[in-house]
Amino acid sequence: MQTKNSKIIIGLTNPKSPSNVGAVMRAAGCFRADSVFYTGKRYVRAAQFNTDTKDAVRNIPLTGTTCLLECVPETAKIVCVELVEGATPLPEFQHPDEAFYIFGPEDGTISQELIDKADSVVYVPTMGCMNLAASVNVLLYDRMAKSTSTVANNELIRQSRDTNNRVKVKNMNRRAV
């Protein structure tokens, strides 16, 4: 999913609900993000409702901070992901090797200050806006799909699937429609 030189960090601006943070943590685990930071107090108040069903927080740090900009590594590029005018459509975007992706809350937006400090601002071209966790999943999938070091094989499937899933494709011949 990542090369040795890549780094994926996710920043959440005052996330609204614990279910979205849990789903972001699951995405972070699936796409091998290095860490997740968040601002605001809403998540802390609701964190008791655990929704990280894969327990990604055991392997990926989830850290509260007062300022996302203070958490950006020196070598990382800041990429804001927001539905704002002038942003680059995600299909046209080339992901930096080291990225600090910042996402806005569902009921608000990333501040103009953060947008102004970003190296890039991208958006997912949809009709209407997606929720926070969906946006994180789409962005991380886009990064993986554009990567030249993507691993896609049966071993990955065996390692990733649910324990109740043992189904295999036996015949690739498709029925004529």
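The values are calculated or read from the model by the stated rules, or taken from the named source; none is laboratory data. Computed from a predicted model, the values in this text were never measured in an experiment. Heads up, the Cβs are rebuilt from the backbone with ideal geometry, glycines too, and the neighbour counts pull from every protein chain shown. Side chains are part of the model used for accessible areas, which takes the heavy atoms of the whole protein and leaves out ligands, DNA and RNA. Shrake-Rupley method; radii C 1.70, N 1.55, O 1.52, S 1.80 Å.
A few points about this structure:
- Any chance GLY11 is at pLDDT 90 or above and assigned to a helix (DSSP H, G or I): no
- Scan of the stretch 15-43 for residues that are open to solvent by 30 Å² or more (accessible area, probe 1.4 Å) and among the hydrophobic types (A, V, I, L, M, F, W, C), ordered by number: ALA23, CYS30, PHE31, PHE37
- Count of the stretch 76-98 residues, restricted to those that are without any contact (Cβ under 8 Å) to a residue 40 or more places away in the chain and either surrounded by 15 or more Cβ atoms within 10 Å (Cβ to Cβ) or not in a helix (DSSP H, G or I) (or both), is 7.
- Residue match in the stretch 44-66 (condition: more than 17 Å from the chain's Cα centre (by Cα), at pLDDT 85 or above and β-branched (Val, Ile, Thr)): yes
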